[in-house]
Amino acid sequence: EGKVTPLVEVRGIGVRFGGLQALDDVSFDVRPGEFVSVIGPNGAGKSTLFNVISGVQRPTSGSVLIDGRPIRRYRPDLVHARGVGRTFQVARPVGSLTVRDNVLLGAGGRRLHGVLSSLRPRGRDKTLQHRVDDLLELAGLTAVAHRPAAEISPGDLRRMEIARALGDEPRLVLLDEPAAGVGSDGLTPLAELLGRISDRGVAVLLVEHYVGLALSLSDRAVVLNRGRLLALGEPDEIRANQAVIDAYLGT
Ligand code: ADP
Ligand code: MG
């Protein structure tokens, strides 16, 4: 019956740090173009899950499949090369470079050997320049494109990080708490960017503390609690789920 191969399938993932079971038997999938949120209290294992999916952290048990093929070597560059991009909970801009050049770096990402070697020859590449302009526009950064990244607002910085992650056209982006520290002014432009990414058919896996924001954008949500999958479903099911309310939403 025409079952679509998931873009990413997380199968029985466990991660142990010494005596701590950070993730325990977590399974779900992300279909092509789907918007999935991962929510749950602090310490639930959300960032660890992202680290596994992006190849940063080898799981203790279980496997992650991309396009139906398991990740065998957990290396971020190999996962990235298969079309999975990410941002980090703490932004990592090159503060001395302009916003535009930061985004340009992302757009040269897969072939990036070093900042200078990539900036100079690629700086004359017309297609690349178009792609960077498009990303700046998409992220609402055109007005600050020529300012050093160190001087822009936290909200602009977050969207710059996302634009950077989109630069080499991933099929899935993992976004870890993009609303952290952006302030209420930054939430609307961020939500608009996330919606536009999704409209372009790029799958999104979002970790976000602002549950309302996350659920309003999502096709489905994964709820983690103490490393375990507490619930998985569409936003309405998640909002009405008593276990989720008790463990997380109710407080
Ligand atoms: P979340 O992102 O949901 O807040 P994390 O995935 O960061 O949760 O952390 C889950 C648990 O694993 C926490 O108890 C955290 O302290 C622990 N943890 C995360 N990374 C490591 C690590 N590298 N070494 C040891 N413990 C870790
Ligand atoms: Mg985290």
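Structural remarks
- The range 11-29 - residue that is closer than 24 Å to Leu213 by Cα and of a type outside the set (Asp, Glu) and, of those, surrounded by the most Cβ atoms within 10 Å (Cβ to Cβ): Val26
- Some residue of the range 224-237 being surrounded by 15 or more Cβ atoms within 10 Å (Cβ to Cβ), of a type in the set (A, V, I, L, M, F, W, C) and at pLDDT below 95: no
- Annotation note: of Gln57, Gln89, the sole residue that is at pLDDT 95 or above, part of a loop (DSSP other than H, G, I, E, B), polar (S, T, N, Q) and within 16 Å of ligand 2 (Cβ to nearest atom) is Gln57.
- The range 150-169, residues that are under 20 Å from the mean Cα position of the chain (by Cα) and hydrophobic (A, V, I, L, M, F, W, C): Leu157, Met160, Ile162, Ala163, Ala165, Leu166
- Count of residues meeting criterion [within 12 Å of ligand 1 (Cβ to nearest atom) and within 22 Å of Thr5 (Cβ to Cβ)] in the range 32-52: 4
- Within the range 1-46, the set of residues being in contact with an Asp or Glu (Cβ under 6 Å, 6 or more places away or on another chain) and either on the phi > 0 side of the Ramachandran plot or within 12 Å of ligand 2 (Cβ to nearest atom) (or both) comprises just one member, Gly12.
- Total residues in the range 198-231, condition under 20 Å from Gly43 (Cα atoms), more than 15 Å from the chain's Cα centre (by Cα) and either small (Gly, Ala, Ser) or assigned to a strand (DSSP E or B) (or both): 9
- Looking only at residues in the range 212-221 that are among the hydrophobic types (A, V, I, L, M, F, W, C) and away from ligand 2 (no atom under 14 Å from the Cβ), the one that is modelled with the lowest pLDDT is Leu213.
- Tally of residues being touching a residue at least 60 places away in the same chain (Cβ under 8 Å), surrounded by fewer than 23 Cβ atoms within 10 Å (Cβ to Cβ) and part of a loop (DSSP other than H, G, I, E, B) across the range 30-53: 6
- Within the range 60-77, restricting attention to residues that are surrounded by 14 or more Cβ atoms within 10 Å (Cβ to Cβ) and not in a loop (DSSP other than H, G, I, E, B), the residue that is farthest from the chain's Cα centre (by Cα) is Gly62.
- Meets criteria (within 14 Å of Leu217 (Cα to Cα), part of a helix (DSSP H, G or I), away from ligand 2 (no atom under 16 Å from the Cβ) and under 13 Å from the mean Cα position of the chain (by Cα)) for Leu187: no
- Residue in the range 239-251 that is of a type in the set (Val, Ile, Thr) and more than 15 Å from Val38 (Cβ to Cβ) present: yes
- Failed condition for Pro178, given (1) away from ligand 1 (no atom under 16 Å from the Cβ); (2) part of a loop (DSSP other than H, G, I, E, B): (1)
- Filter pass, Arg164 being part of a helix (DSSP H, G or I), under 21 Å from Leu7 (Cβ atoms), touching a residue at least 60 places away in the same chain (Cβ under 8 Å) and away from ligand 1 (no atom under 16 Å from the Cβ): yes
The values are calculated or read from the model by the stated rules, or taken from the named source; none is laboratory data. Because the structure is predicted, anything quoted here is derived from the model rather than measured. Because the Cβ atoms are built from the backbone with ideal geometry, glycine has one as well, and the counts that use them run over all protein chains shown.
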